[in-house]
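To keep things clear, I will list the structure first and then write my remarks on it.
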2 protein chains.
Amino acid sequence: VELRDLGEFALIERIERLARRAGATRGRAVVLGIGDDAALLRLAAGEDLAVSTDALVEGVHFRWRDEAPASIGRRAMTAALSDLAAMGARPLGVVVALAAPPRLAVARVDGLVRGLAGAARRHRAPLVGGNLTRGERTAITLTALGAVRRGRALRRSAARAGDRILVTGALGGAALARAVRRPSPARPRLEAGRILAGLSGIGACIDVSDGLAADLGHLLRASGVGAEIDAGCIPTPRGFASACARARLDPLRLTLAGGEDYELLFTVRSRGPSEATLRRRLGLAVREIGCITARRGLRGLSRQAGGGGWAHF
Amino acid sequence: VELRDLGEFALIERIERLARRAGATRGRAVVLGIGDDAALLRLAAGEDLAVSTDALVEGVHFRWRDEAPASIGRRAMTAALSDLAAMGARPLGVVVALAAPPRLAVARVDGLVRGLAGAARRHRAPLVGGNLTRGERTAITLTALGAVRRGRALRRSAARAGDRILVTGALGGAALARAVRRPSPARPRLEAGRILAGLSGIGACIDVSDGLAADLGHLLRASGVGAEIDAGCIPTPRGFASACARARLDPLRLTLAGGEDYELLFTVRSRGPSEATLRRRLGLAVREIGCITARRGLRGLSRQAGGGGWAHF
């Protein structure tokens with residue numbers, strides 16, 4: 001069965017039903033969900049709205065034949081919610097704009113919606129509305145809505161020279177999974193982001209979506225500073241080096257440029273909480289990988305590079 | 001010059017600069033605009049967030065060779081903001097997800113952004129964030145964020161038997177303009193929506209985006225009621241009948257099924273404000289076109305159809 005066999009309104013109803021049955025449409029903040037001209041969401045007193053939009057496009061970010069539809073949905077939701085995590089926001093809801101060709105199999109949309117809905121429920125980010133349109137290729141655009149205490153949002157621009165640079169969890173795992181066609185292990189660090197937003201002594205924060213080097217670059221530019229990174233300190237998943245060797249992949253390349261790990265990269269003032277304190281507060285592996293410098297640019301110490309000296313990556 | 005000559009980050013910067021210069025990035029509600037993982041917007045106390053997403057896809061909703069790029073941008077913004085108008089919400093901001101092919105002319109994106117930015121400024125709906133990705137065809141997905149007083153949002157589902165049905169402005173003009181390749185005269189009825197949300201005696205409301213028959217159908221289904229419409233009462237723009245005759249277009253078809261007029265279609269309780277009062281309060285043409293019935297379905301009286309009797313459209 002293809003989308004054109006169903007028609008627009010039947011397909012919308014089908015998507016709604018799937019999301020509802022998955023328990024992915026309701027939430028404390030939802031005043032009015034799917035079905036009207038707009039959804040209505042309620043923030044608590046003293047909160048600001050955080051909003052971010054993100055798209056996954058067929059042929060660019062995914063291929064139907066390479067990945068289960070549910071995995072595509074999950075990845076889309078992870079990418080969207082990770083932006084809220086990076087601001088320290090709690091999710092209120094998500095709206096989904098789907099473009100799809102009339103010849104697309106309904107089963108693929110079903111799987112996609114199951115992936116979206118499963119992640120929505122798991123992260124308490126209900127699907128509250130959407131839009132459906134024809135398109136030559138499938139594209140999923142998610143807009144994530146969150147709430148953050150006024151004045152407490154984490155920003156890219158808040159790093160200062162002397163800050164330590166830390167990262168949650170491990171990097172490179174998503175790129176490795178992609179290379180060997182396994183489902184991505186990534187999840188949005190929503191809880192960690194909210195805890196960081198509540199601590200004092202935290203500087204800037206960004207999520208690692210494009211890869212450590214690129215995202216640290218964004219943070220540095222936004223803050224008008226530079227950084228020195230010790231590549232040997234970058235945390236990787238267990239068994240990463242040997243898995244990379246087996247797959248003939250360069251582990252440093254995956255950790256620096258892999259992307260889609262959705263860990264949080266953040267800075268801490270020199271007198272801010274220690275690595276051990278952060279690990280305890282976040283309930284999560286946290287690793288110090290370098291420091292912020294007044295001198296602009298990103299310099300990295302890479303033992304693998306041979307000399308062991310500081311160089312531009 | 002094509003997009004691939006610029007590269008992703010240069011293009012993002014270019015779009016930001018264009019929007020900023022057009023005065024389309026700042027607003028009272030904007031705590032943090034373009035440039036971080038998420039934008040931050042501030043609602044007033046006692047307000048709920050209204051959120052709606054809408055997409056314009058090349059080959060489906062527009063063709064580059066048929067329309068000025070700025071007009072496409074304007075239409076996208078009008079569609080997005082009209083959903084806020086239909087809820088009675090005031091705009092807080094808009095996020096833009098753009099998918100575009102690498103071979104697209106930069107001048108087209110410039111024009112598109114000018115159209116978006118002009119409408120954003122005019123309607124005080126600042127552009128606060130976005131996403132840029134490759135795609136085979138251009139697609140513009142806008143998510144509009146608004147605020148509405150708690151409990152005062154207009155809904156599709158609030159119509160009751162006995163309500164009068166009214167419409168703002170005139171219908172059919174956008175379809176006529178499209179047919180003769182003129183720019184659409186449509187604008188989102190934001191002010192009218194906000195005034196309606198503040199009045200008592202108002203029932204349901206929806207914006208006319210797909211055409212009167214389709215959108216009234218949505219409202220009736222959501223409310224579990226039916227309606228009788230006098231097609232002879234449907235307001236049309238000045239000179240509409242003769243322009244349709246010249247272009248050999250069926251005027252009734254344009255008014256009922258044309259779409260993209262973005263007028264507000266709403267119901268008023270039998271003891272609610274009169275047509276004259278509404279006209280004065282909204283500062284706008286308002287026309288009563290029929291009434292809500294307990295009997296489901298949409299019945300229309302069409303003089304042009306000949307018999308003058310009630311029939312299903």
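No lab work stands behind these numbers, since they all come straight from the coordinates. No experiment lies behind these values; they were computed from the predicted model shown. All Cβ positions, glycine included, derive from the backbone under ideal geometry; neighbour counts span all protein chains shown.
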task = Any chance you could check the Cα centroid distance between the stretch A:160-174 and the stretch B:112-128 for me, in angstrom?
result = 37 Å
note = Note: A:128-135 gets an average of partner chain Cβ contacts (10 Å, Cβ to Cβ) equal to 6
message = I need the phi-derived Karplus couplings for the stretch A:90-97: 6.51 cos²θ - 1.76 cosθ + 1.60, θ = phi - 60°, integer Hz, Gly and Pro marked x.
response = 9, x, 9, x, 9, 10, 10, 9
task = Would you pull out the residues with amide H under 5 Å of A:Thr236's amide H, same chain only if 5 or more places away, H placed 1.01 Å from N?
result = A:Leu171
Other copies of B:Val31: label-to-label distances in nm, shortest first, labels 7 Å along the beta-carbon direction = 1.8
ask   = Arranged from highest to lowest average of other beta-carbon atoms within 10 Å per residue, in what order do the peptides B:101-107, B:281-287, B:30-36 appear?
value = B:30-36, B:281-287, B:101-107
request  = Return the sequence-ordered ³J(HN,Hα) values of the stretch B:103-119 in whole Hz as given by the Karplus equation 6.51 cos²θ - 1.76 cosθ + 1.60 applied to θ = phi - 60°, using x for Gly and Pro.
outcome  = 8, 5, 5, 4, 4, 5, 5, 4, x, 4, 5, 4, x, 4, 5, x, 5
message = Quick check on chain B: helices-only [θ] at 222 nm, where DSSP H runs of length 4 and up contribute -39,500 (n - 2.57) each and the sum goes over total residues. Nearest 500, please.
response = -10000 deg cm²/dmol
note = Note on chain A: contact order normalised by length, alpha-carbon pairs under 8 Å, 6 or more apart, percent, works out to 21 percent
note = Other residues with Cβ under 14 Å from the Cβ of B:Arg65 give, with Lys and Arg +1 and Asp and Glu -1, a net charge of +1
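Restricting to the stretch A:69-184, what percent of DSSP beta bridges are antiparallel, rounded to 5? It would help to have the intermediate numbers written out before the result.
Details: 9 of 16 bridges.
Antiparallel: roughly 55 percent of the beta bridges in the stretch A:69-184.
Determine the shielding of peptide B:57-65 by partner chains: average, over its residues, the number of Cβ atoms on other chains within 10 angstrom of each Cβ. Could you put the intermediate results ahead of the total?
Numbers: counts 6, 2, 3, 5, 2, 0, 0, 0, 0.
Per residue, the average neighbour count from other chains is 2.
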query = Amide H neighbours of A:Thr293 under 5 Å, counting only residues 5+ apart in sequence or on other chains, H built in-plane at 1.01 Å?
reply = A:Gly162, A:Gly226, A:Ala227, A:Glu228
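How large is the convex hull of the Cα atoms of the protein assembly as shown per residue, expressed in Å³ as a whole number?
Details: hull volume 96.0 nm³, N = 626.
Residue-normalised Cα hull volume stands at 153 Å³.
Would you mind telling me the antiparallel percentage of the DSSP bridges in chain A, rounded to 5?
Numbers: 43 of 56 bridges.
Percent antiparallel among DSSP bridges in chain A is about 75.
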remark   = In degrees rounded to 10, the 0-90 angle between helix A:69-87 Cα long axis and the longest Cα principal axis of chain A is 50 degrees
query = When ranked by the protection proxy of mean other Cβ atoms within 10 Å per residue, highest first, what sequence do the peptides A:289-298, B:160-169, A:91-100 form?
reply = A:91-100, B:160-169, A:289-298
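Let me know the mean shielding of B:149-155 by other chains, meaning the per-residue number of their Cβ atoms within 10 Å of its Cβ.
Numbers: counts 0, 3, 2, 0, 6, 3, 6.
Mean partner-chain Cβ count within 10 Å for B:149-155: 3.
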remark   = Residue span B:Ala68 to B:Ala45: 0.36 nm per residue of separation minus Cα-Cα distance leaves a gain in nm of 4.2 nm
ask   = So in the stretch A:1-154, what percent of DSSP beta bridges are antiparallel if you round to the nearest 5?
value = 75 percent
message = Quick check on the stretch B:132-187: take the gyration tensor over C-alpha atoms, sort the square-rooted eigenvalues as a ≥ b ≥ c, and tell me if it's rounded (a/c under 1.5), prolate or oblate.
response = oblate
ask   = Where does the charge balance sit around B:Thr78 when Lys and Arg score +1, Asp and Glu -1, over other residues with C-beta under 12 Å from its C-beta?
value = -1
request  = For B:Arg155, enumerate residues with amide H under 5 Å from its amide H, sequence gap 5+ or separate chain, H modeled in the peptide plane.
outcome  = B:Cys205
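Mind ranking B:135-145, A:187-197 by how tightly packed they are, going by the mean number of other C-beta atoms within 10 angstrom, highest first? Don't skip to the answer; put the middle values down first.
On the way: B:135-145: 26.4, A:187-197: 22.5.
Averaged packing, sorted descending, gives the order B:135-145, A:187-197.
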remark   = Gyration tensor on Cα atoms of chain A, a ≥ b ≥ c root eigenvalues, a/c under 1.5 rounded, else prolate if a/b beats b/c, else oblate, says oblate
ask   = In whole Å, how far is the Cα centre of the stretch B:1-31 from that of the stretch B:204-273?
value = 37 Å
key: Karplus 3J(HN,Hα) series, Hz, for the stretch A:165-174 with 6.51 cos²θ - 1.76 cosθ + 1.60 (x for Gly, Pro)   = 10, 10, 9, 7, x, 9, 10, x, x, 5
